[in-house]
Amino acid sequence: MRHGETEWNKLGKFQGQCDVPLNKRGLAQARQASRAVSLGAGITVYASPLYRTMQTAEEISRPAQTNVIPMDGLKELDLGDLEGITGPEMRADWPQFYAAWRDDPAELVMPSGESLKQLQERAWQAFLDMESAHQEEETLVAVSHNFTIRTIVCRLLGMPLSNFHRMALSLASICTVETGSSGRRLVGYNSTSHLSPKYR
């Protein structure tokens, strides 16, 4: 699941590993999501340790009476010098970088930050670590971030990161993966049906 809305989301600011909290709307989204995924006892909740994801995860874990397990691999992309800027600011102040980011983002390293490829490696390892720590019949919830979730889904589907921009992921949306004898299957992507219309 992607975390709920923050003020930076609302303002269109690039939000990487800076610790921005959920705003009022984001908290409401998290509470609505908790009713969709907290199916009582028996779930395990993981989250990126950043504040906005931990807040979202705590809303989910409360009805299930379980603790949230922080996992560094689920953190958002380290945006480095681009942290906190907007899209128009990026186009104006970093035009060559913006053009490269739109053309083929896979190998591009954020100024003083990470590349999508580096993000995908640590995020996929976190996915494998969660998977290996539990039985197939268990339900796991992992609260993470826009870029992080999209790179995991790319890896799951065998899709190149060069196609990264073809995917959209809404705030407080849920992606569902089933694992079993036939392997892993993406059975739901970017679902917001658990949110009331005013919070989608």
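General observations
- Output for the range 1-22, where each listed residue is in a loop (DSSP other than H, G, I, E, B) and more than 15 Å from residue 195 (Cβ to Cβ): 12, 14, 15, 16, 17, 18, 19, 20, 21
- Matching residues in the range 79-106 - criterion: being within 19 Å of residue 5 (Cα to Cα) and either without any contact (Cβ under 8 Å) to a residue 60 or more places away in the chain or assigned to a loop (DSSP other than H, G, I, E, B) (or both): 79, 83, 84, 85
- Of everything listed in (1) surrounded by fewer than 18 Cβ atoms within 10 Å (Cβ to Cβ); (2) over 24 Å from residue 189 (Cα atoms); (3) not polar (S, T, N, Q), the single unmet condition for residue 79 is (1).
- Selected residue [closer than 25 Å to residue 19 by Cβ and free of Cβ contacts under 8 Å to residues at least 40 places away in the same chain] from 150, 200, 166: 150
- Residues in the range 110-121 that are surrounded by fewer than 18 Cβ atoms within 10 Å (Cβ to Cβ), under 16 Å from the mean Cα position of the chain (by Cα) and either in a loop (DSSP other than H, G, I, E, B) or in contact (Cβ under 8 Å) with a residue 40 or more places away in the chain (or both): 1 in all.
- Count of the range 17-44 residues, restricted to those that are buried (at least 22 other Cβ atoms within 10 Å of the Cβ) and at pLDDT 95 or above, is 4.
- Inspection of the range 160-176 identifies no residue that is under 17 Å from the mean Cα position of the chain (by Cα), β-branched (Val, Ile, Thr), within 27 Å of residue 29 (Cα to Cα) and not in a strand (DSSP E or B).
- Scoring residue 134 on the criteria (1) surrounded by 15 or more Cβ atoms within 10 Å (Cβ to Cβ); (2) at pLDDT below 95 leaves a single failure, condition (1).
- When the range 134-147 is filtered for residues that are under 28 Å from residue 19 (Cα atoms) and outside any strand (DSSP E or B), the ones remaining, listed by number, are 145, 146, 147.
- If you filter the range 51-70 down to residues that are out of contact with any Ser or Thr (no Cβ under 8 Å at 6 or more places or on another chain) and surrounded by 16 or more Cβ atoms within 10 Å (Cβ to Cβ), you find that the one that is nearest to residue 129 (Cα to Cα) is 57.
The values are calculated or read from the model by the stated rules, or taken from the named source; none is laboratory data. Keep in mind that what you see is a predicted model, and the values were worked out from it rather than measured. Note: ideal-geometry Cβ built from the backbone for every residue, glycine included; neighbour counts use all protein chains shown.
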